[in-house]
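Enquirer: Before I ask anything, let me first share the structure, which is written out below as structure tokens.
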Amino acid sequence: MIETFKKEVKQGLENHPKTLPSKYFYNKIGDALFVEIMNLPEYYLTRSELDIFQNKTQDLISAFQLKPESYFELIELGAGDGLKTKKLLNALDAQKFSFDYFPIDISANALSLLKEDLSEVLPNVSVKTQQGDYFEVLASLKESNKPKVILFLGSNIGNMNDEKAAQFIYNLGANLKPGDKLLLGVDLIKSKDIVLPAYNDNQGITAKFNLNLLERINNELGGDFNLNQFKHQPEYNEDDGIAKSFIVSTTQQTVHIKSIGASYHFEAGEKIHTEISRKYNDALIEQIIAETDFKLDTKIMDSKAYFADYILTRH
Ligand code: AVJ
């Protein structure tokens, strides 16, 4: 684990321009900062998808094309706090659908918190938490041969470039059977005035979230990044719909990372690219899906048309 972190940091900082992988945002501090981000007034993504789960619940359920009497498995990639999923679980429960809910997450802690919470608010829903890698868990669930609905919410797919996203969805399909469903939640391309503030909030939480990468390198790899000499910088290109986050060196400086045994020079204004948060439209989604074994069924949007849940069927 730490060896992979070291290797990827080394590779990233040797790149031109320099990069660092966004997956390393999520340690204990990063998880907590992301929860804060989801509650920020500027971060509309969570509220928009919650709007769908709250107010278009019946459309979602219809799109799953389930028979109330026959059992299915509802599988969520990334447990989160279940805020959105609870709306769906509540409706499925009230309508007497027969299902088990399988939240998958790498964090055992996140899963146990979710299970605890659900046992209180939805005691009739059967929750089977699955700790581990998405694809390993899916491979094990494939054996059951039961109809499946997979949830991949929050525009998490947006951290991948389109090629990786298609590969990821193709790999999901490889663990499913014809007729199984995938609900893919994505942020839609929209104007800069709305997107940029979501990645550049007033309280500086997103800045902390981004700079936490350097903090981790300092703590875990013996780096000597001076966090006062780097700043968070988001960018958004309305034409291609891609938001990017950077860490910018505010001065000319050299940083040493002990466990890598290397020093890295930064020019004043030099950027480290840390994240892409891709936004989509129908054409982009169709292009991605064309590379997979899914077909596009339904698109369900929030009242402002900021966000879409696309329902795909494995063919
Ligand atoms: C969790 C990947 C959907 O890209 O919007 C939030 C992560 N980064 N603020 C996103 C994130 C900066 C988020 N995703």
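Each value in this text was obtained by applying a stated rule to the coordinates, not by laboratory testing. This one's a predicted model, so the numbers in the text were calculated from it and none came from an experiment. Cβ placement follows ideal geometry from the backbone for every residue including glycine, while neighbour counts extend to all protein chains displayed.
Enquirer: Of all the stretches in the chain, which is the longest one without any exposed loop site, taking GluC sites (Glu not before Pro) in a DSSP loop (any state but H, G, I, E, B) with at most 11 other Cβ atoms within 10 Å?
Expert: Here the longest run is 144-266.
Enquirer: Just want the ordering: I169, I300, from fewest to most Cβ atoms lying within 10 Å of their own Cβ.
Expert: I300, I169
Enquirer: Now, a different point. With θ set to phi - 60° and the Karplus curve 6.51 cos²θ - 1.76 cosθ + 1.60, what are the ³J(HN,Hα) couplings of the range 110-126 in order, to the nearest whole Hz, using x for Gly and Pro?
Expert: 4, 5, 6, 5, 5, 4, 4, 4, 5, 5, 7, 8, 9, x, 8, 7, 7
Enquirer: For the range 39-161, max minus min Cα coordinate along each principal axis, in Å, sorted largest first?
Expert: Largest first, the range 39-161 extends 42, 33, 32 Å along its Cα principal axes.
Enquirer: Let me ask something additional. Measuring from label point to label point, each 7 Å out along Cα→Cβ, what is the E69 to K192 span in nm?
Expert: Result: 5.8 nm between the two label points.
Enquirer: Okay, moving on. Give me the number: length gained by fully extending D133 to E163, i.e. 0.36 nm times residue separation minus the C-alpha to C-alpha distance, one decimal in nm.
Expert: Between D133 and E163, full extension yields an extra 8.8 nm.
Enquirer: Same structure, new question: With the chain treated as a Gaussian network of Cα nodes joined by springs under 10 Å, which of D239, D282, D117 yields the largest mean-square fluctuation?
Expert: D239
Enquirer: Taking a label point 7 Å from the Cα of K258 along the Cα→Cβ vector, which residues of the range 214-243 have an amide N closer than 14 Å to it?
Expert: Counting backbone N atoms under 14 Å from the label point, the list is 217-225.
Enquirer: Okay, moving on. Got a sec? Charge dipole of the chain, +1 on Cβ for Lys and Arg, -1 for Asp and Glu; which of I217, L89, Y71 is way out at the positive end?
Expert: Y71
Enquirer: If you don't mind, there's one more thing I want to ask. Report the net charge of residues surrounding G154, where surrounding means a beta-carbon distance below 12 angstrom and charges are Lys +1, Arg +1, Asp -1, Glu -1.
Expert: So the environment of G154 carries a net charge of -3.
Enquirer: Also, quick follow-up: How big is the charge dipole of the chain about its Cα centre, in debye rounded to the nearest 20, if each Lys and Arg gets +1 on its Cβ and each Asp and Glu gets -1 on its Cβ?
Expert: For the chain, the charge dipole is close to 260 debye.
Enquirer: K142 label point, 7 Å along Cα→Cβ, cut-off 18 Å on backbone N: hits in the range 59-82?
Expert: Within reach of a label on K142, which here means backbone N under 18 Å from a point 7 Å along Cα→Cβ, the range 59-82 contributes 73-77.
Enquirer: Hey, another quick one. So how much slack lies between K115 and Q203, counting 0.36 nm per residue of separation and subtracting their Cα-Cα distance, in nm?
Expert: 28.6 nm
Enquirer: Length gain on complete extension for the stretch Q287 to E267, per 0.36 nm per residue less the alpha carbon to alpha carbon distance?
Expert: That pair, Q287 and E267, stretches by 3.3 nm at full extension.
Enquirer: While we're looking at this one, here's another question. Quick one: helix 83-94 against the long Cα principal axis of the chain, what's the angle to the nearest 10°, folded into 0 to 90?
Expert: That works out to roughly 10 degrees.
Enquirer: Given Cβ point charges of +1 (Lys, Arg) and -1 (Asp, Glu) and nothing else, what value in debye, to the nearest 20, does the dipole of the range 128-194 about its Cα centre take?
Expert: That gives a dipole near 280 debye.
Enquirer: Also, I was wondering about something else. Determine the alpha carbon to alpha carbon distance for each of K67/K146; K244/K271; K28/K146; K56/K304; K56/K115 and list only those over 23 Å.
Expert: K28/K146; K56/K115
Enquirer: With θ set to phi - 60°, apply the Karplus curve 6.51 cos²θ - 1.76 cosθ + 1.60 along the range 17-28 and write out the HN-Hα couplings as whole Hz, x wherever there is a Gly or Pro.
Expert: The phi angles translate into x, 5, 9, 9, x, 5, 4, 7, 4, 9, 9, 4 Hz.
Enquirer: Please state the charge dipole magnitude for the range 240-297, taken about the Cα centre, from unit charges on C-beta atoms (+1 on K and R, -1 on D and E), reported in debye and rounded to the nearest 20.
Expert: Using Cβ point charges on Lys, Arg, Asp and Glu, the range 240-297 gives about 380 debye.
Enquirer: I've got another one for you. Just need log10 I(q)/I(0) for the chain at q = 0.12, 0.13 Å⁻¹, Debye formula, equal scatterers on the alpha-carbon atoms, no solvent, rounded to two decimals.
Expert: Each listed q corresponds, in turn, to -0.86, -0.99.
Enquirer: Can you work out ³J(HN,Hα) from phi for every residue in the range 201-206, in order, using Karplus 6.51 cos²θ - 1.76 cosθ + 1.60 and θ = phi - 60°, giving whole Hz and x for Gly and Pro?
Expert: With the stated coefficients, the range 201-206 comes to 5, 4, 7, x, 5, 5 Hz.
Enquirer: Students often forget the sequence filter, so: which aspartates and glutamates lie under 12 Å Cα-Cα from K6 once same-chain residues fewer than 8 apart are removed?
Expert: Result set, ordered by chain and number: E220.
Enquirer: Still on this structure: With unit charges on the beta carbon (Lys/Arg positive, Asp/Glu negative), name the residue among A308, S112, Q252 whose Cα is farthest towards the positive pole of the charge dipole of the chain.
Expert: S112
Enquirer: Another question about this same structure. Could you work out which residue, out of H16, H256, H232, moves most in a Gaussian network model of the chain, that is, has the largest mean-square fluctuation with Cα springs under 10 Å?
Expert: The residue that fluctuates most here is H16.
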